[in-house]
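Visitor: Could you have a look at this structure, given as structure tokens, before my questions?
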Amino acid sequence: MNTQPLRQKLSAIETELRQELTAIAPKLTDLSLSDVVEQLAASPLCQQSIYQRIVRLDAAICQLELGLYGLCADCEANIEPERLRADPTEQRCRVCDEHFRHQHRQELRLSH
């Protein structure tokens, strides 16, 4: 399998995220993605959407390197190709994503 086009897409996403990161945390832009995740997790910035997007990107790159890219993080089934085309950092298949979103909404209701 030729992973070069996928690596290029992930690299483009990383470039965009690093540009956004420069505006809110310029000290982090020179760090590796995993170090950026670690630093953001320990800061109030972990509440911002960029944090989740960087986490997903880091996970996708790691999965690609391990040969596990495209497998659902929850059930390990193949993530639907159309989901990956829409978002190359997708971590869940449709069924698990729906379950996760439903569960997350329930947790939000209970916490208020």
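Visitor: Considering each of 35, 74, 87, 97 in turn, give the residue that is under 21 Å from residue 4 (Cβ atoms), among the acidic types (Asp, Glu) and at pLDDT 95 or above.
Guide: Result: 87 is the single residue among 35, 74, 87, 97 that is under 21 Å from residue 4 (Cβ atoms), among the acidic types (Asp, Glu) and at pLDDT 95 or above.
Visitor: Out of 90, 38, report the one residue that is charged (D, E, K, R), within 30 Å of residue 23 (Cβ to Cβ), touching a Leu at 6+ places or on another chain (Cβ under 9 Å) and in a helix (DSSP H, G or I). Please lay out each step first, then the result.
Guide: Values: 90 fails: in a helix (DSSP H, G or I).
After ruling out the rest, the residue left standing is 38.
Visitor: Moving on. Would it be correct to say that residue 57 is outside any helix (DSSP H, G or I) and either under 17 Å from residue 89 (Cα atoms) or in contact with a Leu (Cβ under 6 Å, 6 or more places away or on another chain) (or both)?
Guide: In short, no.
Visitor: Further, regarding this structure: Filter the stretch 1-35 down to the residues that are in a helix (DSSP H, G or I), over 16 Å from the mean Cα position of the chain (by Cα) and hydroxyl-bearing (Ser, Thr, Tyr) and list them by number.
Guide: If the condition is that a residue be in a helix (DSSP H, G or I), over 16 Å from the mean Cα position of the chain (by Cα) and hydroxyl-bearing (Ser, Thr, Tyr), then 22 is the only one that fits.
Visitor: Which one of these is among the β-branched types (Val, Ile, Thr), free of Cβ contacts under 8 Å to residues at least 60 places away in the same chain and either under 19 Å from residue 101 (Cα atoms) or surrounded by fewer than 16 Cβ atoms within 10 Å (Cβ to Cβ) (or both): 61, 24?
Guide: Numbers: 61 fails: either under 19 Å from residue 101 (Cα atoms) or surrounded by fewer than 16 Cβ atoms within 10 Å (Cβ to Cβ) (or both).
Result of the check over 61, 24: 24.
Visitor: May I ask you to verify whether residue 103 is among the polar types (S, T, N, Q) and under 15 Å from residue 57 (Cβ atoms)? Explain how you work it out, then say what you get.
Guide: Details: among the polar types (S, T, N, Q): yes; under 15 Å from residue 57 (Cβ atoms): no.
It is false that residue 103 is among the polar types (S, T, N, Q) and under 15 Å from residue 57 (Cβ atoms).
The values are calculated or read from the model by the stated rules, or taken from the named source; none is laboratory data. Quick caveat: nothing in here was measured; it's all calculated off a predicted structure. Note that we place each Cβ from the backbone using ideal geometry, even for glycine, and neighbour counts take in every protein chain shown.
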